[in-house]
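We did not get these values from a lab; they are worked out from the coordinates using the rules stated. From a predicted model like this one, the values you see are computed outputs, not experimental measurements. Cβ sites come from the backbone with ideal geometry, for glycine too, and all protein chains shown count toward neighbours.
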Amino acid sequence: MYTGKADADEKLAKVKFEIDKEAHITIEKARCLACREKPCIPACPAGNYTWNDEKNELGYNYEGCLECGTCRFICDREAISWSFPRGGFGVVYRWG
Amino acid sequence: MDKVGCIVVGAGPAGAACAIGLARKGIETVLVERGQYAGAKNVASFILFADILERIIPNYRDEAPLERIASDTGFFALRDGDFMEFRAKSTNYYEKPTMYTAYRSEFDRWFAGKAQEEGVEFVNGMLVTGLLKENGRVVGVKVGDDELLANVVIGADGLHSVVARESGLYTDDTSRYMLGIKEVHDLPSEEIESRFQLRKGEGCIRDGWGYPVSDIGGLSTIYTLNDSITIVLFAPIDTMKEHGVSLRDRLEDYKAHPYIKKYLEGAKLREYEAHLIPEGGRLKLDQMYTDGVLLCGEAGGFNSSMWVGVPPGMLSGLTAAEAVARAKKRGRYDAEALSVYKELLFETNLPRMLFNARKFSDWFVTSARRNMEGFTEGMFDTFIEYVMEEVNFTDPKPAPLMQHAYENLVEPYLPKFLRKPAALLVKLLEKAETWNKMRKIRGAV
């Protein structure tokens, strides 16, 4: 399973975020247990999805979301619901 | 609350162009943007063709935040360690520019400001969460607990359009979605001009094919801004999923390739971005409007990775504005009155663009991207290996060019049952051609 996360943190450090206390990503974690491929983990360009072995559940970090929305379409089990963050929050691209 | 003429959702190029068009026709317009400023959520990956912009803001050259004149365009193919390059440099375009590189964060902010100057009410940091309906007809938008009423709601809110989804106009075809990830790297202006052999203020844009995304049918782009280099890597999300690929890892391979590495030497990462784009647009013009709603820009599918998104976005926005003005004359904003949008679109090249983009996308989705690895190898084989054979002085016969081209560029696309007979035919033709060529050489010397 893909776990490479290190370089994403370095990249995300260069991005400005206006972090909301309200998450714009919610996950039905029970659905992930039956998912073998877990395509969200490698697909997320921000590396925001990781598998937590201790808790045996999908961990995610909505604060570092680049808002491409790939996870919305890549999950077969409709476990991930992604929507826009509230107005003014989320990623703030300065050099898009 | 008072009802306005139009609410435009999304202040990208399409939404702002539409708002400008509406304001110029005297229609009271509110332009709503979810980002902290227009452009805060937007990611460019290509040059800005300014023809449509010039129609809207004739003196844009004096004030738009443009970076470099994109008169140096090119194409390259990569395989591990190797590259091939084709470049076109135009003095004409450099002197009379119509193509530029720009940051969307700066450009969109400026362009939305132009809408404000025209009298549009611009609200940023506001997310439209849903549509207000009355008897099934859209009469406004929801902003959290607040409501905004309007005769027409224009959806210019991108691929993830709330307006298109809530009005039932959207159908997702994820096999056509491409993820693009992008890095902007700092490099001094003079250094960029010397590395890319550019004239002062000139920018280059080069589209890449092959390594390190040929197995997943991806593409890449490298382009220059005033004091930065941007690299972008694209891949269809369904092949990424099929192969369990991390595009972010592939970007590291890309940067390590000698062709890209020499440009990025010593450059420092400034920003990292990601965006999803629809490939091949949405073909159905009947799904661009309904009672009280029009779609333009990416929300209407007027974008494709094979096509630039900004000019068609602006043009569809302007066309939507014209459609609203026509509907206003009739005093009706139902689907029938707004269907004039479709007729007006046919006065532009947008239906042709959608059709061509879709046809290209069909070919790309069903065939090309599955065979990209072979195609890339084929290009190198045909150009490099063929040349090596041709300059081989010990072999009296000409290199079998036809066979090379057939094996690498044609055969992968033929149905299996045709491959054997076709290969035999090409072999025979090649033999005949070789015999003929040798006969001519004997006769001539």
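I'd like the full set of residues that are more than 22 Å from the chain's Cα centre (by Cα) and on the phi > 0 side of the Ramachandran plot, limited to region B:278-295.
Correct list: B:292 only.
Residue B:182: loosely packed, with under 15 Cβ neighbours inside 10 Å and in contact with an Asp or Glu (Cβ under 7 Å, 6 or more places away or on another chain), yes or no?
For residue B:182, the condition - loosely packed, with under 15 Cβ neighbours inside 10 Å and in contact with an Asp or Glu (Cβ under 7 Å, 6 or more places away or on another chain) - is not met.
Given the condition hydrophobic (A, V, I, L, M, F, W, C) and farther than 26 Å from residue B:78 by Cα, answer yes or no: does some residue in region B:235-244 qualify?
No, region B:235-244 contains no residue that is hydrophobic (A, V, I, L, M, F, W, C) and farther than 26 Å from residue B:78 by Cα.
Are any residues in region B:67-121 of a type in the set (Phe, Trp, Tyr) and surrounded by fewer than 21 Cβ atoms within 10 Å (Cβ to Cβ), and if so, which ones? Show your work before the answer.
The initial filter retains those residues of region B:67-121 that are of a type in the set (Phe, Trp, Tyr), namely B:75-76, B:83, B:86, B:93-94, B:100, B:103, B:107, B:110-111.
Listed by number, the residues that qualify are B:75, B:76, B:83, B:86, B:93, B:94, B:110.
Quick test of your reading of the structure: residue B:192 fulfils all but one of (1) within 14 Å of chain A (Cβ to nearest Cβ); (2) without any contact (Cβ under 8 Å) to a residue 40 or more places away in the chain; (3) within 21 Å of residue B:273 (Cβ to Cβ). Name the failing condition by number.
Result: residue B:192 passes all but (1).
Given B:215, B:207, which one is charged (D, E, K, R), part of a helix (DSSP H, G or I), in contact (Cβ under 8 Å) with a residue 24 or more places away in the chain and surrounded by fewer than 22 Cβ atoms within 10 Å (Cβ to Cβ)?
It is B:215.
Being at the interface with chain B (Cβ under 9 Å from one of its Cβ atoms), free of Cβ contacts under 8 Å to residues at least 12 places away in the same chain and not small (Gly, Ala, Ser) is the filter here, so list the residues in region A:38-96 that pass it.
Passing the criteria: A:72, A:73, A:95.
Under 8 Å by Cβ, and 6 or more places apart or on different chains, what pairs join a residue from region B:20-48 that is at positive phi with one that is surrounded by 24 or more Cβ atoms within 10 Å (Cβ to Cβ) and among the hydroxyl-bearing types (Ser, Thr, Tyr)?
B:39/A:93; B:39/B:103; B:39/B:105
Name the single residue that is farthest from the chain's Cα centre (by Cα) among those in region B:149-189 being away from chain A (no Cβ under 13 Å) and assigned to a strand (DSSP E or B).
Result: B:149.
Working only within region A:7-57, note down all residues that are out of contact with any helix residue (DSSP H, G or I) (no Cβ under 7 Å at 6 or more places or on another chain) and in a strand (DSSP E or B).
A:16, A:18, A:26, A:27, A:52
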